[in-house]
1. Residues Ser145, Ser149, Ser76: which one is at pLDDT below 95, closer than 27 Å to Ala233 by Cβ and over 18 Å from the mean Cα position of the chain (by Cα)?
2. So Ala203 passes all but one of these: (1) within 24 Å of Leu123 (Cα to Cα); (2) open to solvent by 70 Å² or more (accessible area, probe 1.4 Å). Which condition number does it fail?
3. Can you go through Glu232, Glu265, Glu219 and tell me which one is open to solvent by less than 30 Å² (accessible area, probe 1.4 Å), acidic (Asp, Glu) and under 28 Å from Ile153 (Cα atoms)?
4. Tell me, please, whether a residue that is in contact with a Gly (Cβ under 6 Å, 6 or more places away or on another chain) and either under 18 Å from Gly259 (Cβ atoms) or at pLDDT 95 or above (or both) can be found in region 54-73.
5. Hey, could you check region 268-288 for residues that are β-branched (Val, Ile, Thr) and at pLDDT 90 or above and say which is surrounded by the most Cβ atoms within 10 Å (Cβ to Cβ)?
6. Could you tell me whether any residue of region 174-196 is at pLDDT 90 or above and on the phi > 0 side of the Ramachandran plot?
7. Would you mind telling me which numbered condition in (1) under 25 Å from Ile98 (Cα atoms); (2) open to solvent by less than 30 Å² (accessible area, probe 1.4 Å); (3) over 15 Å from the mean Cα position of the chain (by Cα) Met190 fails?
8. Restricting attention to region 206-216, and to residues there that are of a type in the set (Gly, Ala, Ser) and open to solvent by 40 Å² or more (accessible area, probe 1.4 Å), which single residue is nearest to Ile35 (Cα to Cα)?
Amino acid sequence: MYRITTLLFSLLFSALSFAAPQVWQAQKSDLSFTIMGSVHAGKPEFYPLPEIMISRFESADGLIVEADIINDKSISIPKGKPSASYLTNAQKETLEEIAAETGTPSNVLLNLPPWQAAMALQLYQINKLELQQLLGIDLYFLSRSQKHSVPVIPLETVQQQVDLLADADKDGLELLTDTLDYWELSKEFMPCLIDAWQYGDGAKMEEMVTVMSGAGEFERQLIDERNHNWLEALTDKSRFNKGNYVMVVGALHLYGKEGVLTLLEKAGFDVKLLTQGEKVDCEIPAIP
């Protein structure tokens, strides 16, 4: 369920202070990770970010991100069958209605592989929420890494992220059908997600991850499997033996039983919250 949100926000102070996005510290012996969830598109009001995250970033031994979206440009887009060849007549009608709402010609979407059509529709939702990709949290840190001489350490390549979507069953049909099926629900879910992240409502973030859990194999690959892959990298002593690192990955990867924070804790790290959040006044819409 709600796979649309996992894609957008998956493939987001030294003491208690004003409400802010949550920042965590995971410490094990001489190795420390300061971790903040990212949303990959932002607003001016998201800034400034928590001071403890900024100060630790500027003196960090490395910036850990999902992928280096600035410098990793060697990608190819796999070809796939058009969405029209997979969708039922009823699904095509739904797509045409949503396309009209977004101002996108339906024939353009129907000629794209399902995963690309889903991405196009999700980009519309990002713009509708007045989120700007240039103000994404990971991009903020990546664009400042050279100035502060902080090495960038990607956990994945951009090509791996593209392939995860393109290689999904039936060219990512499930991603598109979820987008169509939950189009209206996402209009309530997405703003609540953004508010919970911005004001550091960890309980609401946990609730959202619980709602989305158990949706299927693709969901598992998109979130849980990648979390475990990242844990393997973070606990590889040949890569991270000691030092102070900052880590910025999609916010929904941090929470839940299979979240990065829980996995690090199980791996022997002392995990603690460094910022104080605020409860947000929004309700997660019920799943029909």
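1. The match here is Ser76.
2. Result: Ala203 fails condition (1) only.
3. On inspection, the qualifying residue turns out to be Glu219.
4. Within region 54-73, one or more residues are in contact with a Gly (Cβ under 6 Å, 6 or more places away or on another chain) and either under 18 Å from Gly259 (Cβ atoms) or at pLDDT 95 or above (or both).
5. Thr275
6. No, region 174-196 contains no residue that is at pLDDT 90 or above and on the phi > 0 side of the Ramachandran plot.
7. That leaves (3) as the condition not met.
8. Ser213
The values are calculated or read from the model by the stated rules, or taken from the named source; none is laboratory data. Please read these numbers as outputs of a predicted model, since none were measured by experiment. Note: ideal-geometry Cβ built from the backbone for every residue, glycine included; neighbour counts use all protein chains shown. All accessible areas refer to the heavy atoms of the entire protein, side chains included, with ligands and DNA or RNA removed. Shrake-Rupley method; radii C 1.70, N 1.55, O 1.52, S 1.80 Å.
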